[in-house]
Amino acid sequence: HVMGVRMESRMRQDLFNQYERMSFSYFDRHNIGDLMSRVSNDLFDISEAAHHGPEWIIICSIEIIGSFVILALISWRLSLALALTTALLFAYSLVANKRLADLFRDNRKKISQVNSQLEDSLAGARVVKSFASEDVESEKFARSNEAYLASKVRNYRGMGIFTATVSGFTGILYTVIVVYGGLLIADGQLTPVDLATYALYVSMFLSPIMTILDFTEMFQKAKAGFERFVEVLDTIPDVEDKPGAPALRMGAGRVRFEAVRFSYDGENDVIRGLDLSLEPGKTVALVGPSGGGKSTTCALLPRFYDVRSGSITIDGQDVRDVTQRSLREAIGMVQQDVYLFDGTIGENIAYGKPGATLDEIHAAARAANIAEFVEGLPHGYDTEVGERGTRLSGGQKQRIAIARVFLKNPPILILDEATSALDNESEHAVQEALAELASGRTTLVIAHRLSTIKDADEIVTIEDGRAVECGTHEELLALDGTYARYHRMQFEGVHTL
Ligand code: ADP
């Protein structure tokens with residue numbers, strides 16, 4: 001058992017490490033509940049089979065061979081009949097096991113659907129409450145739960161039929177021995193004492209066979225789990241370091257997108273020949289209609305996805321030629337949707353730089369305009385944020401995310417402005433922190449409000465995956481194109497794009 005749990009633990013770690021290696025597109029395609037199910041449910045059966053398997057196979061093989069030799073010494077004719085019937089039993093179990101394997105596989109899928117549904121409903125618990133749709137969720141859960149139940153019932157029915165047929169076979173086996181033994185006695189080829197001894201010994205022969213048959217069932221279960229385990233380990237991450245890739249050598253921080261094309265599905269290009277140039281230390285703001293490709297452009301720079309054609313370079317080095325680690329260490333991101341880990345405010349800020357000292361954390365908090373708030377809390381930096389930061393306001397979370405990036409101190413920044421979701425006061429605090437963060441760094445901003453980007457060194461309008469206009473605020477207004485139209489829209493009361 002200790003060996004089994006050790007194997008399980010190693011496999012769990014392997015699976016987790018593999019998940020960590022996967023790129024964005026993997027998580028776009030897979031459901032978290034399913035990925036969790038592979039770690040939590042599937043591995044248990046594998047470890048059970050893995051440690052019982054060798055033990056049972058060795059012990060049972062010795063018992064089967066040993067008892068068969070003894071039986072053959074008593075009567076080789078009876079043993080021949082015994083061997084034939086046992087061979088039939090094994091042949092049946094091979095066929096039956098194929099069917100069972102399908103049932104077990106289905107079972108794995110169904111429990112993973114239950115977990116996916118659970119994850120989805122619990123993660124969205126706040127939305128569920130706000131729409132008072134507990135019943136709808138309950139019904140959705142009941143559906144996957146019932147599908148799992150039905151699959152389990154089919155499972156047990158299959159196993160029941162298998163066990164009953166195997167029992168039937170052992171009955172037949174005893175009958176064959178008694179009838180054939182009787183005939184042999186009548187023929188004078190066997191003594192009644194030998195037959196009695198033989199019949200008693202047969203149970204010595206049968207019990208390890210039963211154990212092995214039980215094991216094949218356990219093996220099939222494990223196989224179903226193992227297939228799902230291997231499926232993950234066999235997946236090659238879409239984004240990988242080239243063999244022997246060097247680390248990124250940061251220079252001034254010049255970023256270039258050249259004729260970049262990209263599609264999420266391999267067919268429909270979302271970015272269609274984008275050219276973009278970011279000068280060292282300057283801020284470039286991306287504006288444009290929703291769905292135009294601003295976020296996608298930003299996701300390509302840290303190589304969350306690989307471009308389909310064209311190239312993205314930082315100080316002349318293609319992002320695909322350097323290690324992902326060095327690339328991402330050079331880029332700081334503040335996203336709309338801030339993810340805080342369960343833990344304290346201090347720990348969450350320190351995420352930007354593992355091993356940061358308290359002084360560094362406090363300095364980062366001050367720079368991000370959050371120090372005053374945190375220090376006013378009864379527990380200060382040791383305040384728990386709650387799962388995903390539920391105990392903090394949107395603006396506070398944003399500023400913690402900004403503090404993280406201050407601590408990380410990267411030469412390149414990607415900001416996805418979320419200030420439209422904040423109240424005026426938080427917006428001001430966040431804006432100030434962001435401006436401070438961007439100063440002296442090459443910065444790419446996704447702007448949702450035009451008022452915040454007037455001071456950008458360059459504004460680029462992105463439409464349909466292409467840069468259609470670029471220039472300063474004044475230049476673009478003078479051009480009287482898309483940007484000018486957006487600008488007019490804002491002044492007519494439409495505040496976000
Ligand atoms: P913007 O940031 O300008 O609003 P996005 O870059 O988010 O635009 O989206 C560009 C297009 O790519 C949209 O049509 C969107 O539906 C699609 N898209 C965005 N993210 C994904 C994804 N993870 N998988 C597939 N399609 C996506």
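Using the Karplus curve 6.51 cos²θ - 1.76 cosθ + 1.60 with θ = phi - 60°, what ³J(HN,Hα) values do you get for each residue of segment 300-316, in whole Hz, with x for Gly and Pro?
Result, ordered by residue: 7, 5, x, 6, 5, 9, 9, 5, 7, 8, x, 8, 10, 10, 10, 6, x Hz.
With every protein chain left in place and a probe of 1.4 Å, what is the accessible surface of Asp194, to the nearest 10 Å²?
The value for Asp194 is about 60 Å².
Tell me, what is the Rg over Rh of segment 218-347, with Rh the Kirkwood radius over Cα pairs?
A ratio of 1.07.
Relative to a virtual label point 7 Å from the Cα of Leu73 in the Cα→beta-carbon direction, which members of segment 149-193 show backbone nitrogen distances below 19 Å?
Counting only backbone N, you get 190-193.
Got a sec? What order do Ser295, Ser290 fall in by accessible area at 1.4 Å, biggest, i.e. largest, first?
Largest accessible area first, the list is Ser290, Ser295.
Ignoring ligands, DNA and RNA, what percent of the 1.4 Å accessible area of segment 162-297 is carbon and sulfur? Kindly include the intermediate steps, with their values, before the conclusion.
Details: 3990 of 6750 Å².
On segment 162-297, the fraction of accessible area on carbon and sulfur atoms equals 59 percent.
In percent, how large is the relative contact order of the chain, given Cα pairs closer than 8 Å and 6 or more residues apart?
16
Helix 192-234 against the longest principal axis of the chain: what's the angle in degrees, Cα atoms only, rounded to the nearest 10?
The helix 192-234 is inclined about 10 degrees to the chain.
Over the chain, what is the percentage of antiparallel beta bridges among all DSSP beta bridges, to the nearest 5?
DSSP beta bridges in the chain are roughly 55 percent antiparallel.
Compute the semi-axes of the equivalent ellipsoid of segment 290-389, taking the square root of 5 times each eigenvalue of the Cα gyration tensor, and list them largest first in whole Å.
Result for segment 290-389: semi-axes of 33, 16, 11 Å.
What per residue convex hull volume, in Å³, comes out for segment 41-98 when only alpha-carbon positions are used?
Taking the convex hull of the Cα positions in segment 41-98, it is 68 Å³ per residue.
Hey, what angle do you get for helix 134-186 against the long axis of the chain, alpha-carbon based, 0 to 90 degrees rounded to 10?
20
Please enumerate, by chain and number, the lysines with C-alpha under 22 Å from the C-alpha of Lys129, excluding those fewer than 8 residues away in the same chain.
Of all the lysines, those that pass the test against Lys129 - Cα under 22 Å, at least 8 places apart if same chain - are Lys140.
Of Ser263, Ser309, which has the most accessible area and how do the rest follow, probe 1.4 Å?
Values: Ser263 10, Ser309 45 Å².
The ranking, largest first, comes out as Ser309, Ser263.
Heavy-atom accessible area per residue, segment 1-77, 1.4 Å probe: how many Å²?
Accessible area per residue, segment 1-77: 58 Å².
How high is the relative contact order of segment 293-426, in percent, counting Cα pairs under 8 Å that sit 6 or more residues apart?
Value for segment 293-426: 34 percent.
Over what distance in Å are the Cα centres of segment 43-120 and segment 148-205 separated?
If you average the Cα positions of each part, the centres end up 17 Å apart.
Could you list which residues have their amide H under 5 Å from that of Asp457, counting only those 5 or more apart in sequence or on another chain, with H placed in the peptide plane?
Thr283
Show that you can apply the helix-only estimate: for the chain, add -39,500 (n - 2.57) for every DSSP H stretch of four or more residues, divide by all residues, and state [θ] at 222 nm to the nearest 500.
For the chain, the value works out to -20500 deg cm²/dmol.
Give the long-range amide H neighbours of Arg308: residues separated by 5 or more places, or on another chain, with amide H under 5 Å away, using H modelled in the peptide plane at 1.01 Å from N.
Under 5 Å from the amide H of Arg308 lie the amide H atoms of Arg261, Phe262, Ser263, each far enough along the sequence or on another chain.
Could you state the principal axis extents of the C-alpha atoms in the chain, from the largest down, to the nearest angstrom?
The Cα atoms of the chain stretch 116, 51, 44 Å along the principal axes, largest first.
Enumerate the calculated ³J(HN,Hα) couplings along segment 106-120 in order (Karplus 6.51 cos²θ - 1.76 cosθ + 1.60, θ = phi - 60°), each rounded to whole Hz, writing x wherever the residue is Gly or Pro.
After applying 6.51 cos²θ - 1.76 cosθ + 1.60, I find 4, 4, 4, 5, 5, 5, 5, 5, 4, 5, 4, 5, 4, 4, 4 Hz.
Using the alpha-carbon atoms, what tilt in degrees (0 to 90, nearest 10) does helix 424-438 show relative to the longest principal axis of the chain?
The two axes meet at around 90 degrees.
Could you give the length gained by full extension between Ser133 and Ser203, i.e. 0.36 nm per residue of separation minus their alpha carbon distance, to one decimal place?
Numbers: separation 70, 0.36 × 70 = 25.20 nm, distance 5.99 nm.
Additional length available on full extension: 19.2 nm.
Please work out the ratio of the alpha-carbon Rg of segment 120-230 to 2.2 N^0.38 Å and round it to two decimals.
Cα-based Rg divided by the globular estimate yields 1.99.
Ignoring chymotrypsin sites (Phe, Trp or Tyr not before Pro) that are buried or in helix or strand per DSSP, and keeping those with at most 12 other beta carbon atoms within 10 Å, what is the longest stretch of the chain between them?
On the way: sites that count: Phe131, Tyr339, Phe341.
By the stated rule (loop sites, at most 12 other Cβ atoms within 10 Å), 132-338.
Taking the Cα-to-Cβ direction at Arg391 and at Glu227 and moving 7 Å from each Cα, how far apart do the two end points lie in nm?
Here the answer is 4.6 nm between the modelled labels.
What residues have an amide H closer than 5 Å to that of Asn41, excluding those fewer than 5 places away on the same chain, when H is modeled at 1.01 Å from N in the peptide plane?
Amide H neighbours of Asn41: none.
Using the Karplus equation 6.51 cos²θ - 1.76 cosθ + 1.60 (θ = phi - 60°), what ³J(HN,Hα) coupling, rounded to whole Hz, does each residue of segment 382-399 give in order, writing x for Gly and Pro?
8, 5, 6, 8, x, 4, 6, x, 4, 8, 10, 7, x, x, 5, 4, 4, 6
The values are calculated or read from the model by the stated rules, or taken from the named source; none is laboratory data. Predicted, not measured: the structure shown is a model, and the values here were computed from it. Note: ideal-geometry Cβ built from the backbone for every residue, glycine included; neighbour counts use all protein chains shown. What goes into the accessible areas is simple: the full protein's heavy atoms, side chains included, and nothing from ligands, DNA or RNA. Shrake-Rupley method; radii C 1.70, N 1.55, O 1.52, S 1.80 Å.
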